[in-house]
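What follows is calculated from the coordinates using simple rules that are stated; it is not laboratory data. Note that this is a predicted model, so its numbers are computed, not measured. Here Cβ is always computed from backbone atoms with ideal geometry, including for glycine, and neighbour counts include all displayed protein chains.
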Amino acid sequence: MGLFDSLLKGLLGLFRKKQASIGIYGPPNAGKTTLANRISRDWTGKPMGKTSEIPHETRKAKERKEVVIKAAGSRISFDIVDTPGIATKIDFHNFVEDYGMDEDKAKQRAKEATEGVIEAIKWLDKVDGVLLVMDAAEDPFNQVNVTLLGNLEARKLPTIIVANKMDLDEASPATIRDAFPQHPTIPVSALAGYGMDNLYKAMMKYFR
């Protein structure tokens, strides 16, 4: 490769659009890591993280780079970031009383979970768009969802609301749409794979 070709390649690299980074956000146990695993498995064959019925299983952000998604006749590569669950209060007593943890382990989990919330908030400065995961079987109008959406809107981050857990009989994506009509809402079951094609099409549309 000659000098001119090297310079041209360098210039093209400067003007090439950077890889879009998409953060997966939401409260604990909304299904963020299940969704991250579904997306990663669909397009790379590998999961991203461990899931558990105990809140705050994900306590450190995990990133999978260059996940190439194909939908609607085109393809685009994203960096997918699975973030720890956002909570307004983390009390180690809940892990002891509700999940039978010993006190030392519960305190350590609560400490790591609190650090995880801080890390997740810091990641908002790095991502280009957000999949905000809400449990479609629960009331969406809670402090975490409202605060998170307000923060995302203030930052002008493109946001898709993922109405997860559509495999549950009590799931009501319409309730989420009515609560937050300013954002697209895509019903899915990340566990069963329902609705993922629609989510991929929405990602291609809103996160380009």
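Taking every residue in segment 139-155 that is over 17 Å from residue 185 (Cβ atoms) and pairing it with any residue that is loosely packed, with under 13 Cβ neighbours inside 10 Å, at least 6 positions away or on another chain, the pairs with Cβ-Cβ distances below 8 Å are 143/88; 147/88. Close Cβ contacts (under 7 Å, 6 or more residues apart or on different chains) running from residues in segment 38-51 that are in contact (Cβ under 8 Å) with a residue 24 or more places away in the chain and closer than 9 Å to residue 64 by Cβ to residues that are aliphatic (A, V, I, L, M) and part of a helix (DSSP H, G or I) comprise 48/36. Pull up segment 114-134, narrow it to residues that are in a helix (DSSP H, G or I) and touching a residue at least 60 places away in the same chain (Cβ under 8 Å), then point me to the one that is surrounded by the most Cβ atoms within 10 Å (Cβ to Cβ). It comes out as 120. Scanning segment 117-153 for residues that are small (Gly, Ala, Ser) and farther than 12 Å from residue 87 by Cβ, we see that the one that is farthest from the chain's Cα centre (by Cα) is 137. If you go through segment 156-188 and keep only what is out of contact with any strand residue (DSSP E or B) (no Cβ under 7 Å at 6 or more places or on another chain) and surrounded by 13 or more Cβ atoms within 10 Å (Cβ to Cβ), you end up with 168, 171, 172, 175, 179. The criterion of at least 1 residues that are under 25 Å from residue 19 (Cα atoms) and either acidic (Asp, Glu) or in contact with a His (Cβ under 8 Å, 6 or more places away or on another chain) (or both) is met by the following helices (runs of 4 or more DSSP H) wholly inside segment 135-208: 143-154, 196-206.
Mind checking which residues of segment 71-100 are over 13 Å from residue 56 (Cα atoms), in contact (Cβ under 8 Å) with a residue 40 or more places away in the chain and surrounded by 11 or more Cβ atoms within 10 Å (Cβ to Cβ)? Matches in segment 71-100: 71, 72, 76, 77, 78, 79, 80, 81. Filtered by the rule that a residue be of a type in the set (Asp, Glu) and either outside any helix (DSSP H, G or I) or exposed (fewer than 11 other Cβ atoms within 10 Å of the Cβ) (or both), segment 101-112 gives 102, 104.
Residue 90 falls short on exactly one of the conditions (1) farther than 21 Å from residue 201 by Cα; (2) outside any loop (DSSP other than H, G, I, E, B); (3) among the aliphatic types (A, V, I, L, M), and that condition is (2).
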